[in-house]
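Colleague: Please read through the structure below; I'll follow up with questions.
FYI, it's all coordinate maths here, none of it is from the lab. Keep in mind that what you see is a predicted model, and the values were worked out from it rather than measured. Cβ coordinates were reconstructed from backbone atoms using ideal geometry, including for glycine residues, and neighbour counts include every protein chain displayed.
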Amino acid sequence: MEDKINEIIEGNCVEIMKSFECNAIDLTVTSPPYDNLRSYKGYVFLFEDIARELFRITKPGGIVVWVVADATIDGSETGSSFEQALYFKKVGFNLHDTMIFHKTNPIPQIYRKRYNNMFEYMFVFSKGEVKTHNPIKVDCLHAGLRLNGTTYKNYSKGEQKREKMANPVKNKKIKGNIWEYVVGKKAEDQEAKGHPAPFPYALARDHIASWTNEGDIVLDPMCGSGTTCIAALQLNRCFIGIDVSHEYCEIAKNRIKIYENQPGLFNEEQETYVPKTLQGFR
């Protein structure tokens, strides 16, 4: 499998994954074509085969992050995201966490007697007990303060009680499982727009930082424009990207070249994208 490390591979992901050794991949971050897994750019995929191969090739303690949402057909959400999550459990994965990707700039919804859709699921599956977790931490709102009457909750298996006083409040806490991202506005995401549904670069980066260490292998079996691969490269992880579309593979390879020539474009502090024609007026 060494010849596939740090490469974008064109082909059917199921067939390519069959050539991988068992227990080879530390992390998969991917997003299937929602409610259209059996027809993608004229090609056919079987979700069940993808899930089974991912379980076989994931290392014990490894993670699969499956970013997915449901279409609304004939007035009803399909629920296929839940069906997929349950199938991952059926093949042997643990449903480690059900996370939410909250879009800070969702597409306005045409009135259909429902509220505007602002999120997608990020199902986090583990093969057994999680091996690596580097939690992202955020500032506590009341850092350093003593809050009278506030207590920590005892999360034991038995009766849950609040006993220990929460004083003083810590400076940092582990981030919650609802992650907010702006979609399509960051400079690092502009070259991905040749793909119809790229997820934000920051989303891939945060999951890779959370579930892997340097040198680990990160896979995206439906890599599209290569966002996961570039994030892995930036964080000193190895990557394998697979896509059945020649067009998307070329986009991914081109984005990797852009990163290699302009690594600063993918810094965490990168500002919102400004077209070149306006850059002199900021």
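Colleague: Mind giving me the FRET efficiency for LYS113 and PHE47? R0 is 41 Å, r the Cβ-Cβ distance, nearest 0.05 is fine.
Modeller: Working: r = 30 Å, r/R0 = 0.74.
Approximately 0.85, to the nearest 0.05.
Colleague: Pairs LYS103/LYS127; LYS18/LYS173; LYS127/LYS173; LYS103/LYS257; LYS131/LYS175; LYS173/LYS257: which exceed 30 Å Cα-Cα? Don't skip to the answer; put the middle values down first.
Modeller: On the way: LYS103/LYS127 28 Å; LYS18/LYS173 41 Å; LYS127/LYS173 26 Å; LYS103/LYS257 28 Å; LYS131/LYS175 19 Å; LYS173/LYS257 37 Å.
Among LYS103/LYS127; LYS18/LYS173; LYS127/LYS173; LYS103/LYS257; LYS131/LYS175; LYS173/LYS257, the Cα-Cα distance tops 30 Å for LYS18/LYS173; LYS173/LYS257.
Colleague: Loop-only check: which trypsin sites (Lys or Arg not before Pro) in the range 68-125 are DSSP coil with at most 12 other Cβ within 10 angstrom?
Modeller: On the way: sites: LYS89, LYS90, LYS103, ARG112, LYS113, ARG114; in loops: ARG112, LYS113, ARG114.
Sites meeting the loop and neighbour criteria: ARG112, LYS113, ARG114.
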